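*Asks:* The structure under discussion is supplied below as structure tokens; questions concerning it will follow.
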Ligand code: ADQ
């Protein structure tokens with residue numbers, strides 16, 4: 001058997017390779033795969049400098065794995081990251097055409113930064129490598145690598161949703177963007193819906209055809225488009241939840257809520273996560289079920305995110321205003337209904353909070369997968385598991401159907417789901433939780449990585465149908 005190809009991962013931010021206290025499932029899964037095969041992880045250093053993408057590459061080596069990063073200029077960050085990626089693509093791909101801003105300048109910078117990253121990456125790759133590009137920051141990177149003559153295997157995974165063609169078509173240059181995805185041998189999505197939206201775009205807007213075996217043809221280019229729902233490192237997370245640090249945090253939460261039942265939400269402060277709608281659902285619980293006043297407390301952990309982007313500043317104002325209103329309306333001298341925290345937490349502390357929660361609300365308006373839902377499941381204790389309330393619009397819904405599924409826009413439905421969760425008998429909680437646990441432990445981050453890499457190695461192999469570039 002020939003030696004396994006080296007893995008090259010490209011993502012906006014890289015690592016950490018170790019530091020299990022900080023790393024999320026994605027970093028853990030990728031670090032594992034990189035360590036096993038040897039490899040390279042390439043991306044942005046998170047820093048700005050005058051040289052920008054021309055800066056000297058910074059390299060860190062750990063065993064057989066190298067982390068290589070380059071800087072960007074302030075203008076590159078503004079146009080590529082804050083502008084196009086986070087003000088055009090992020091809202092549009094989360095079905096928020098109303099929030100999407102389209103500017104010629106940021107589009108240009110985005111394409112230029114993709115070209116630059118491809119050019120710099122060429123210094124480090126060889127044709128025998130498997131190159132795996134991640135997420136909406138780098139739609140054009142594969143095409144740029146091909147233009148520079150790279151002939152090896154190229155895969156792309158989109159962590160966020162892919163909106164329907166009718167909506168995506170509003171993006172100036174949408175055909176270029178989706179056309180660029182065809183430079184990859186394999187494109188991966190979180191759900192069937194995302195994959196279908198992509199295939200439909202190719203069919204209706206690029207005059208392509210859907211073909212058997214998850215293939216899509218546009219002109220003489222045939223690529224594979226498949227679904228790979230991402231998972232977490234469930235075993236580690238369950239261990240975190242049983243750690244001393246977790247127990248300390250669980251105890252703090254319990255003493256803070258006193259006799260009340262704790263309901264939690266954990267999300268980056270982002271409009272896609274449905275935090276406002278969730279708070280309205282909680283407020284409606286207190287209105288529709290007045291006996292709940294004084295007996296429940298809602299904790300929202302919401303680390304600030306993308307604070308340089310206007311829509312996120314607006315959201316923060318709205319969020320704080322709404323929390324103030326609910327607290328002003330219902331609080332008593334010895335009880336505050338909503339508690340918020342915007343600080344970062346360690347994985348263990350977070351696991352403790354999940355474990356102490358009676359209910360976890362994961363109610364995004366649209367979400368690629370949502371790892372919080374899976375972390376919450378992994379952190380529960382079989383003797384007394386909490387209840388997951390999950391949006392029908394989270395990618396995680398397709399695996400976690402035993403959660404209480406809600407429409408986050410339906411405020412009364414959310415209140416009713418909360419009441420049902422709070423009164424759910426232990427036996428039913430355990431039954432639902434066991435079913436979800438089995439899936440979270442089966443489809444881990446490591447499995448997700450393995451499946452994607454295997455599919456990338458096999459892409460187009462069966463019938464020799466893979467066209468020359
Ligand atoms: P995100 O939008 O970032 O990811 P999500 O999947 O929920 O969303 O992951 C958030 C992560 O941040 C979780 O691991 C969570 O534990 C962590 N976190 C939240 N609050 C924290 C805090 N205060 N301190 C420390 N950590 C905190 C994108 C897509 C998702 C997709 C993932 C992975 O939007 O849909 O699931 O990528 O593909």
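The values are calculated or read from the model by the stated rules, or taken from the named source; none is laboratory data. Bear in mind the structure is a predicted one, so any value in this text is a computation, not a measurement. As a convention, Cβ positions derive from the backbone with ideal geometry for all residues, glycine included, and neighbour counts pool all protein chains shown.
*Asks:* Which residues, taken from the stretch 248-260, are crowded, with 16+ Cβ neighbours inside 10 Å and away from the ligand (no atom under 16 Å from the Cβ)?
*Replies:* Selection gives 257, 260.
*Asks:* On to the next question. In this structure, does residue 69 turn out to be surrounded by 13 or more Cβ atoms within 10 Å (Cβ to Cβ) and either under 20 Å from residue 6 (Cβ atoms) or more than 25 Å from the chain's Cα centre (by Cα) (or both)?
*Replies:* yes
*Asks:* List the pairs whose first member sits in the stretch 359-379 and is farther than 19 Å from residue 277 by Cα, whose second member is part of a helix (DSSP H, G or I) and within 8 Å of the ligand (Cβ to nearest atom), and whose Cβ atoms are under 7 Å apart, counting only residues at least 6 apart or on separate chains?
*Replies:* Between residues of the stretch 359-379 that are farther than 19 Å from residue 277 by Cα and residues that are part of a helix (DSSP H, G or I) and within 8 Å of the ligand (Cβ to nearest atom), the close pairs are 371/25; 374/396.
*Asks:* Which of the residues belonging to the stretch 53-67 are out of contact with any strand residue (DSSP E or B) (no Cβ under 6 Å at 6 or more places or on another chain) and modelled with pLDDT of 95 or more?
*Replies:* Across the stretch 53-67, the qualifying residues are 54, 56.
*Asks:* A follow-up question, please. Hey, any hits in the stretch 156-171 for a residue that's within 16 Å of the ligand (Cβ to nearest atom) and assigned to a strand (DSSP E or B)?
*Replies:* Yes, there is a match, as at least one residue in the stretch 156-171 is within 16 Å of the ligand (Cβ to nearest atom) and assigned to a strand (DSSP E or B).
*Asks:* Moving to a separate point now. Cβ-Cβ distance below 7 Å, separation of 6 or more or different chains: which pairs start in the stretch 309-336 with a residue that is free of Cβ contacts under 8 Å to residues at least 12 places away in the same chain and end on one that is in a loop (DSSP other than H, G, I, E, B)?
*Replies:* Hits for this filter: 313/307; 327/336; 327/337; 331/337.
*Asks:* Tell me, yes or no, whether the stretch 236-247 has at least one residue that is within 15 Å of the ligand (Cβ to nearest atom), buried (at least 18 other Cβ atoms within 10 Å of the Cβ) and under 30 Å from residue 198 (Cα atoms).
*Replies:* No, because not a single residue in the stretch 236-247 is within 15 Å of the ligand (Cβ to nearest atom), buried (at least 18 other Cβ atoms within 10 Å of the Cβ) and under 30 Å from residue 198 (Cα atoms).
*Asks:* I need the full set of residues from the stretch 111-143 which are over 21 Å from the mean Cα position of the chain (by Cα), part of a loop (DSSP other than H, G, I, E, B) and farther than 18 Å from residue 55 by Cβ, in order please.
*Replies:* Correct list: 125, 126, 127, 128, 129.
*Asks:* Spot the failing condition for residue 96; the list is (1) surrounded by fewer than 18 Cβ atoms within 10 Å (Cβ to Cβ); (2) under 26 Å from residue 7 (Cβ atoms); (3) within 16 Å of the ligand (Cβ to nearest atom), and only one is missed.
*Replies:* Unmet for residue 96, out of (1) surrounded by fewer than 18 Cβ atoms within 10 Å (Cβ to Cβ); (2) under 26 Å from residue 7 (Cβ atoms); (3) within 16 Å of the ligand (Cβ to nearest atom): (2).
*Asks:* Is there a residue being more than 22 Å from the chain's Cα centre (by Cα) and not in a strand (DSSP E or B) anywhere in the stretch 83-100?
*Replies:* no
*Asks:* Checking residue 187 against (1) more than 16 Å from the ligand (Cβ to nearest atom); (2) touching a residue at least 12 places away in the same chain (Cβ under 8 Å); (3) closer than 22 Å to residue 399 by Cβ, only one condition comes out false. Which one?
*Replies:* The failed condition is (1).
*Asks:* Could you please give the count of residues in the stretch 278-306 that are in contact with a strand residue (DSSP E or B) (Cβ under 9 Å, 6 or more places away or on another chain) and within 16 Å of the ligand (Cβ to nearest atom)?
*Replies:* 7
Residue by residue, here is whether (1) in contact with a strand residue (DSSP E or B) (Cβ under 6 Å, 6 or more places away or on another chain); (2) without any contact (Cβ under 8 Å) to a residue 24 or more places away in the chain; (3) surrounded by fewer than 20 Cβ atoms within 10 Å (Cβ to Cβ) holds:
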{"position": "383", "(1), (2), (3)": "no, yes, yes"}
{"position": "418", "(1), (2), (3)": "no, no, no"}
{"position": "423", "(1), (2), (3)": "no, yes, yes"}
{"position": "433", "(1), (2), (3)": "no, no, no"}
{"position": "449", "(1), (2), (3)": "no, no, no"}
{"position": "456", "(1), (2), (3)": "yes, no, no"}
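Here's the yes/no breakdown for (1) within 16 Å of the ligand (Cβ to nearest atom); (2) surrounded by fewer than 19 Cβ atoms within 10 Å (Cβ to Cβ); (3) within 22 Å of residue 223 (Cα to Cα); (4) at pLDDT 95 or above:
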position	(1), (2), (3), (4)
101	no, yes, no, yes
105	no, yes, no, yes
110	no, no, no, yes
113	no, no, no, yes
122	no, yes, no, yes
133	yes, no, yes, yes
137	yes, no, yes, yes
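*Asks:* Please go through the stretch 112-136 and pick out each residue that is closer than 21 Å to residue 56 by Cα and touching a helix residue (DSSP H, G or I) at 6+ places or on another chain (Cβ under 9 Å).
*Replies:* 112, 113, 114, 115, 116, 117, 118, 119, 120, 121, 122, 125 - these are the residues of the stretch 112-136 that are closer than 21 Å to residue 56 by Cα and touching a helix residue (DSSP H, G or I) at 6+ places or on another chain (Cβ under 9 Å).
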